[in-house]
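K.L.:
Dropping a structure here in structure tokens format, bear with me for questions.
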Amino acid sequence: MSLCRVVVLAAVFVPATAFADERQCRVLDLDFTPAVASNPENQFPPQIVAWLEDAAGNFVDTVYITHETGTFGLGNRPGRFDFNSGPFWPYGRRITVFPVWSNKQPLRWQELVFQDANDDGLSHASSKSSRDLHFCRPLRPEEFDAMTCPSERSLTDKGVFSTGTSRYPPRNDLTVAGEDSPSVAMFQMLNPFDAVSHPTPASGADTRISYAVPPDLAQGDYVLWVEVSKEFDMNGNYNPAVYPSPVVAFGDYGAAYRGQPSVVYKVPFTMTDVETSGSTDTYVGYGDPEGVDGQIRTPDSSISSDPGSGGARLALVSSGGSTYRARVVSRRELDEVAPDAPLQPNVSDAASNTVTITFLAPGDDFQTGLIKGYEIRYRVGEVITEANFATSTIVTATIAIGDPGAEQTVTVEGLLPETEYSIGIRAFDDCRNTSPLTVVQVTTAERTVGEVDACFIATAAYGSVMANDVELLRGFRDTLLAKTVLGELAIETYYTFGPAIAGVVGESDVLRASARGVLDPFVTWVRSYLHR
């Protein structure tokens, strides 16, 4: 495997002090490559989780989890599990994503529901919808091609804890807003997967995940499990005809996503004082299509073997005379020296909601050898320090590790316009020795004037493109207003001045409330007119 093609992701966090006496640790390297799908319609990225068990089948630890589930709460968010899906889809607790892992791992959380307690709903009032810097609003299928949010700002209901129980954590990327339930303040504290949650590697990218083994874990026989799921991975046995879209309001948004279930790879290996390895070239079974239990179903003909699909979601890799889809190497790492700090940080671009930073890569030991990865976090309105770094917002970006002195680039997304940020970057090595913190101060640019939703002011006032009253006004515009000369003139004027007004309204709770007060009588009239 060529190192220049390897994407190196972070390990489980084990403080450097755990190995302070000898500066050594035992490391597990997990190698795999997400396969490039042969079907052009099967291009949604897979979700992947890896965990360690002992020889008796006892759960030891989660080694790695992709950040849609580990950071952004894919498995525990408001909305029914069979809601449709799409790019950056915000709603629906995906209990089918990792049914085997979620039943094996011992942690449990309270289940999230919508604040109005209607988990069949896709439309939510502005009083319950706060700004979302990761997920988009729900999209119609014809909007999927963009694969990005149609506007720089989406508003979603983050939910409230119910009496139900979930096997998945809530998201941990949020700052509590006035529209949120008090439950949101607890999300970050309850989610323990910061150090192992990372973006899905690109299809075709040879990937190595390194895990620093806890020093008190005994030598012996172990199993590394890898579970891989993928939305829209359809075949003749798993498709919208078998698992159709639910019958709900706004059911034309999104598309039925439930294709083939998760598949599981099993890699037995032994941990000793010398280097050992284990690998597998096939999947061992698949998870529950309904996400209810944690049983592993025996491989059968219902699961595809096309590249990037079913049991072949991980590519078959040839290396050293053997082939594998998942490989584990257990080794000892002597590491007496921490990495240097990232050098010469520079803001190469600061847009309204993204910032791109370049810096020079440090080495594993000061300026020698390859580091293992980077931790990047930011704070708003105050300087990030060693003391507050652990409680700052995580930047979930993958950086291909370069040689010492090589230029590295990272783009921080989901930021707010005209806002001051303090961004901290530090490197770490195999044993989780961390470098000093490199800090970058930056202020984002003014809002970019661009394409926004057709009901500009109403969307800003009511807080969601799918709020019931916005849909009512949109329907009035499309079915009646556009059919008259005066109506067409009104629409043209509205499209000329609406975006600028909406930008101001959307920034202020007071102005949003005032705008709703102005619109409410008109909404009432439209409703009565349409129902005459």
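The values are calculated or read from the model by the stated rules, or taken from the named source; none is laboratory data. Treat the numbers as computed from the prediction; the structure is a model and nothing was measured. Neighbour counts run over all protein chains shown; Cβ positions are idealised from the backbone, glycine included.
K.L.:
State yes or no: is Pro87 within 20 Å of the chain's Cα centre (by Cα), surrounded by fewer than 21 Cβ atoms within 10 Å (Cβ to Cβ) and not hydrophobic (A, V, I, L, M, F, W, C)? Give the steps one after another, and end with the answer.
P.N.:
Details: within 20 Å of the chain's Cα centre (by Cα): yes; surrounded by fewer than 21 Cβ atoms within 10 Å (Cβ to Cβ): yes; not hydrophobic (A, V, I, L, M, F, W, C): yes.
Yes.
K.L.:
Continuing with this model, one more query. Tell me the residue from Ala249, Ala241, Ala255 that is out of contact with any Cys (no Cβ under 7 Å at 6 or more places or on another chain) and more than 27 Å from Asp157 (Cβ to Cβ), please.
P.N.:
Numbers: Ala249 fails: more than 27 Å from Asp157 (Cβ to Cβ); Ala255 fails: more than 27 Å from Asp157 (Cβ to Cβ).
When all the criteria are applied, what remains is Ala241.
K.L.:
Let me ask something else. For a quick check of your reading of the model, give me the residue pairs whose first member lies in the stretch 394-413 and is within 21 Å of Leu174 (Cβ to Cβ) and crowded, with 18+ Cβ neighbours inside 10 Å, whose second is among the hydrophobic types (A, V, I, L, M, F, W, C) and modelled with pLDDT under 80, with beta-carbon atoms closer than 9 Å and at least 6 apart or on different chains.
P.N.:
That search, which allows pairs on different chains as well, returns Val412/Ala397.
K.L.:
Something else about it: Suppose we keep only residues that are charged (D, E, K, R) and in contact with a strand residue (DSSP E or B) (Cβ under 7 Å, 6 or more places away or on another chain) within the stretch 364-380. Which one would you say is farthest from Thr396 (Cα to Cα)?
P.N.:
Residues of the stretch 364-380 that are charged (D, E, K, R), as a first pass: 364-365, 372, 375, 377, 379.
Restricting the remaining residues to those that are in contact with a strand residue (DSSP E or B) (Cβ under 7 Å, 6 or more places away or on another chain) gives 364, 372, 375, 377, 379.
Working: Asp364: 22, Lys372: 16, Glu375: 9, Arg377: 9, Arg379: 14 Å.
Among those that are charged (D, E, K, R) and in contact with a strand residue (DSSP E or B) (Cβ under 7 Å, 6 or more places away or on another chain), it is Asp364.
K.L.:
Let me ask you something else. Of the conditions (1) without any contact (Cβ under 8 Å) to a residue 24 or more places away in the chain; (2) more than 24 Å from Asp221 (Cβ to Cβ), Ala56 satisfies every one except a single condition; which number is it?
P.N.:
Tallying (1) without any contact (Cβ under 8 Å) to a residue 24 or more places away in the chain; (2) more than 24 Å from Asp221 (Cβ to Cβ), Ala56 fails exactly one: (2).
K.L.:
If you don't mind, another one. For the stretch 350-367, give me each residue that is surrounded by fewer than 19 Cβ atoms within 10 Å (Cβ to Cβ) and among the polar types (S, T, N, Q).
P.N.:
Hits for the stretch 350-367 are Ser352, Thr354, Thr356, Thr358, Gln367.
K.L.:
Moving to a separate point now. Quick check on the stretch 419-426. Is at least one of its residues under 26 Å from the mean Cα position of the chain (by Cα), of a type outside the set (Ser, Thr, Tyr) and surrounded by fewer than 19 Cβ atoms within 10 Å (Cβ to Cβ)?
P.N.:
First, pick out the residues of the stretch 419-426 that are under 26 Å from the mean Cα position of the chain (by Cα): 419-426.
Filter again for of a type outside the set (Ser, Thr, Tyr), leaving 420, 423-426.
In the following step, the residues that additionally are surrounded by fewer than 19 Cβ atoms within 10 Å (Cβ to Cβ) were identified as 420.
Checked against the condition, which is being under 26 Å from the mean Cα position of the chain (by Cα), of a type outside the set (Ser, Thr, Tyr) and surrounded by fewer than 19 Cβ atoms within 10 Å (Cβ to Cβ), the stretch 419-426 yields at least one hit.
K.L.:
Another question, then. Quick check on the stretch 318-325. Is at least one of its residues of a type in the set (Lys, Arg), out of contact with any Leu (no Cβ under 7 Å at 6 or more places or on another chain), surrounded by 17 or more Cβ atoms within 10 Å (Cβ to Cβ) and under 22 Å from Arg208 (Cα atoms)?
P.N.:
The initial filter retains those residues of the stretch 318-325 that are of a type in the set (Lys, Arg), namely 325.
Checking which are out of contact with any Leu (no Cβ under 7 Å at 6 or more places or on another chain) leaves us with none.
The answer is no; no qualifying residue exists.
K.L.:
Let me ask another. I'd like to check something: does the stretch 92-104 contain any residue that is out of contact with any Ser or Thr (no Cβ under 7 Å at 6 or more places or on another chain) and surrounded by fewer than 20 Cβ atoms within 10 Å (Cβ to Cβ)?
P.N.:
Within the stretch 92-104 (the criterion being out of contact with any Ser or Thr (no Cβ under 7 Å at 6 or more places or on another chain) and surrounded by fewer than 20 Cβ atoms within 10 Å (Cβ to Cβ)), the answer is yes, since at least one residue qualifies.
K.L.:
State the number of residues belonging to the stretch 391-411 that are modelled with pLDDT under 85 and not small (Gly, Ala, Ser). Reasoning before the result, please.
P.N.:
Keep residues of the stretch 391-411 that are modelled with pLDDT under 85, which gives 391-400.
Adding the requirement that they be not small (Gly, Ala, Ser) leaves 391, 393-396, 398-399.
Within the stretch 391-411, residues that are modelled with pLDDT under 85 and not small (Gly, Ala, Ser) number 7.
This table checks each residue for (1) outside the structural domain of Val97 (by TED's automatic domain parsing); (2) at negative phi; (3) surrounded by 18 or more Cβ atoms within 10 Å (Cβ to Cβ).
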position	(1), (2), (3)
Val242	no, yes, no
Pro246	no, yes, no
Gly254	no, no, yes
Tyr265	no, yes, yes
Pro268	no, yes, no
Thr276	no, yes, no
Pro289	no, yes, yes
Pro299	no, yes, no
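K.L.:
What pairs come out if I take residues in the stretch 101-130 that are under 30 Å from Val264 (Cβ atoms) and pair them with residues that are in a helix (DSSP H, G or I) whose C-beta lies under 7 Å away, six or more apart or interchain?
P.N.:
That search, which allows pairs on different chains as well, returns Trp109/Leu190.
K.L.:
Of all the residues that make up the stretch 236-258, how many are free of Cβ contacts under 8 Å to residues at least 60 places away in the same chain and within 23 Å of the chain's Cα centre (by Cα)? Explain how you work it out, then say what you get.
P.N.:
Taking the stretch 236-258 first, the residues free of Cβ contacts under 8 Å to residues at least 60 places away in the same chain are 236, 239-242, 244, 247.
Subset that is within 23 Å of the chain's Cα centre (by Cα): none.
Of the residues in that region, 0 qualify.
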